[in-house]
1. Cut-off under 28 Å on the C-alpha distance; same-chain residues fewer than 8 positions from Lys115 excluded. Which lysines are left, in chain and number order?
2. Could you give me the ³J(HN,Hα) list for the stretch 138-153, computed from phi with Karplus coefficients 6.51, -1.76, 1.60 and θ = phi - 60°, whole Hz, x at Gly and Pro?
3. Just to make sure I understand: if all protein chains stay in place, what is the order of Val165, Val70 by accessible area at 1.4 Å, largest first?
4. Which of rounded, prolate, oblate describes the stretch 140-182, given a ≥ b ≥ c as roots of the alpha-carbon gyration tensor eigenvalues and a/c under 1.5 marking rounded, otherwise prolate only if a/b is larger than b/c?
5. Rolling a 1.4 angstrom probe over the protein heavy atoms, how many square angstrom per residue are accessible across the stretch 67-106?
6. Does the stretch 138-216 come out rounded, prolate or oblate by the C-alpha gyration tensor, with a ≥ b ≥ c the root eigenvalues, rounded set by a/c under 1.5 and, if not, prolate when a/b is larger than b/c and oblate if not?
7. Tally the DSSP beta bridges in the chain and give the antiparallel ones as a percent, rounded to 5.
8. Of the options Gly26, Ser97, Ile53, report the single residue whose Cα projects farthest towards the positive end of the charge dipole of the chain (beta-carbon charges: Lys, Arg +1; Asp, Glu -1).
Amino acid sequence: MFNIALDGPGGAGKSSIAKAVAKELGFIYVDTGALYRAIGLYSLRNAIDTKDIDGVINSLKSINVDFTYVDGEQKVLLNNDDVSTDIRLPEVSMAASNVSAIPEVRSFLLDLQRKIANEKDCLMDGRDIGTVILPNAQLKIFLTASAEVRAKRRFDELTAKGQEVNYDEILKDLNERDYQDTHREIAPLKQADDAVLLDTSDMTFDEVKAKILALYEERK
Ligand code: DC
């Protein structure tokens with residue numbers, strides 16, 4: 001199997017780039033953030049405080065998370081329910097970041113991620129794919145951009161969808177989540193030693209896509 005690990009902070013454009021590259025290569029795209037989001041969503045729905053470590057750990061007994069693919073698109077199942085839309089609610093982002101700092105949550109989701117990568121050529125995006133989940137991935141990329149550029153991209157994306165959003169709030173939320181994801185004790189967001197760093201602050205979408213495809217050609 002050929003595995004591409006794509007890590008980086010929130011809002012760096014990982015998922016849109018990953019989707020485009022995976023499509024071009026005929027790989028499946030695995031969005032691992034969706035798994036942490038599903039657990040965050042479960043907590044919110046069941047009034048479990050995502051900072052209450054024991055409460056979240058206890059809830060894992062009642063949770064089954066899985067992926068399915070419909071027309072090549074990843075769907076996330078929470079206890080057999082398709083929650084792919086609900087996990088994108090803004091309040092789920094911080095909930096996901098909170099639960100993702102709990103070691104038991106990370107080990108709960110580990111096998112599922114490794115199993116997919118073992119069975120299929122895939123491009124997997126997340127925070128710890130190159131460092132922890134797939135340390136032997138043939139290609140590792142760390143995708144980043146300045147916080148301001150990432151916030152502006154998210155602002156434009158949401159505004160284009162007709163949502164009324166505030167740039168400063170988006171920037172503050174991104175910074176808070178990055179700080180938390182980078183400073184947690186277990187599997188923090190960090191560039192793997194053998195990952196290629198791509199700072200996309202001054203690159204177009206097509207340039208980033210072409211660069212990753214070129215790296216793949218080199219490695220395959
Ligand atoms: O990629 P995302 O924004 O959907 O991820 C949501 C949160 O999940 C993110 O703030 C941190 C966590 N996460 C993680 O800890 N490890 C991953 N591989 C993917 C996401």
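1. Correct list for Lys115: Lys14, Lys19, Lys23, Lys61, Lys75, Lys140, Lys190, Lys209, Lys211, Lys220.
2. Working through the residues one at a time gives 6, 9, 10, 10, 10, 9, 9, 6, 4, 4, 5, 5, 5, 5, 5, 4 Hz.
3. Numbers: Val165 50, Val70 70 Å².
Order by accessible area, largest first: Val70, Val165.
4. Details: a/c = 2.56, a/b = 1.55, b/c = 1.65.
Cα axes put the stretch 140-182 in the oblate bin.
5. Values: 1980 Å² over 40 residues.
I get 49 Å² per residue for the stretch 67-106.
6. Details: a/c = 2.85, a/b = 1.26, b/c = 2.26.
Judged from the Cα gyration tensor, the stretch 138-216 comes out oblate (a/c at least 1.5, b/c at or above a/b).
7. Values: 8 of 25 bridges.
DSSP beta bridges in the chain are roughly 30 percent antiparallel.
8. Gly26
The values are calculated or read from the model by the stated rules, or taken from the named source; none is laboratory data. Please read all numbers here as calculations on a predicted model, not as lab measurements. Note that each Cβ is placed from the backbone with ideal geometry, even for glycine, and that neighbours are counted across all protein chains shown. Just so you know, the surface numbers come from the protein's heavy atoms only, side chains and all, with ligands and any DNA or RNA stripped out. Shrake-Rupley method; radii C 1.70, N 1.55, O 1.52, S 1.80 Å.
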